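No value in this document is a laboratory result; all are computed from the given coordinates. Predicted model, so just to flag it, every value in this text is computed and none were measured. Heads up, the Cβs are rebuilt from the backbone with ideal geometry, glycines too, and the neighbour counts pull from every protein chain shown.
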């Protein structure tokens with residue numbers, strides 16, 4: 001039979017472990033929610049940039065190409081991430097996804113420096 005003090009220690013450790021697991025779960029959920037809202041929000045900005053900067057006779061084609069490229073990248077990511085996780089773990093899977101947002105940030109920063117950027121947002125930078 002386990003002494004009473006050891007039982008309390010075990011219960012205390014179990015409660016602490018459960019608290020840690022709940023904290024990690026809520027933190028992961030919060031990160032996923034913020035990521036989801038941010039991804040949806042930047043999609044509209046990219047579409048607006050394409051529609052304002054493309055030649056008016058090619059706006060539909062440009063938006064179609066952008067949408068197709070976005071869906072293609074999404075499908076590739078959905079197919080590749082589980083394979084990478086299985087063979088190399090989550091760390092490499094996240095590293096594999098990192099170039100996308102980095103490329104977007106660099107591209108938008110370069111666009112902001114171009115003279116064409118004044119055609120966007122009524123010239124507000």
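Answer yes or no: is there a residue in segment 2-9 that is part of a helix (DSSP H, G or I) and under 30 Å from residue 104 (Cα atoms).
Of the residues in segment 2-9, the ones part of a helix (DSSP H, G or I) are 4-9.
Then keep just the ones that are under 30 Å from residue 104 (Cα atoms); that gives none.
Taking every residue of segment 2-9 in turn, none turns out to be part of a helix (DSSP H, G or I) and under 30 Å from residue 104 (Cα atoms).
Would you be able to tell me the number of residues in segment 81-99 that are in contact with a helix residue (DSSP H, G or I) (Cβ under 7 Å, 6 or more places away or on another chain) and within 20 Å of residue 39 (Cα to Cα)? Break it down into steps so the answer makes sense when it comes.
Kept after step one, since they are in contact with a helix residue (DSSP H, G or I) (Cβ under 7 Å, 6 or more places away or on another chain), are these residues of segment 81-99: 81, 84-85, 92-93, 96-97.
From the residues that got through so far, the ones that are within 20 Å of residue 39 (Cα to Cα) too are 81, 93, 96-97.
Result for segment 81-99: 4.
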ask   = Looking at this structure, is residue 91 under 20 Å from the mean Cα position of the chain (by Cα) and in contact (Cβ under 8 Å) with a residue 12 or more places away in the chain?
value = no
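Please go through segment 1-44 and give me each residue that is touching a helix residue (DSSP H, G or I) at 6+ places or on another chain (Cβ under 8 Å) and under 30 Å from residue 119 (Cα atoms), ordered by number. Walk me through how you get there before you give the answer.
Pass one, segment 1-44, residues touching a helix residue (DSSP H, G or I) at 6+ places or on another chain (Cβ under 8 Å): 2, 42-43.
Selection gives 42, 43.
For (1) touching a residue at least 60 places away in the same chain (Cβ under 8 Å); (2) surrounded by 13 or more Cβ atoms within 10 Å (Cβ to Cβ); (3) within 13 Å of the chain's Cα centre (by Cα); (4) closer than 30 Å to residue 122 by Cβ, each residue gets a yes or a no:
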site: 46; (1), (2), (3), (4): no, yes, no, yes
site: 53; (1), (2), (3), (4): yes, yes, no, yes
site: 76; (1), (2), (3), (4): no, no, no, no
site: 79; (1), (2), (3), (4): no, no, no, no
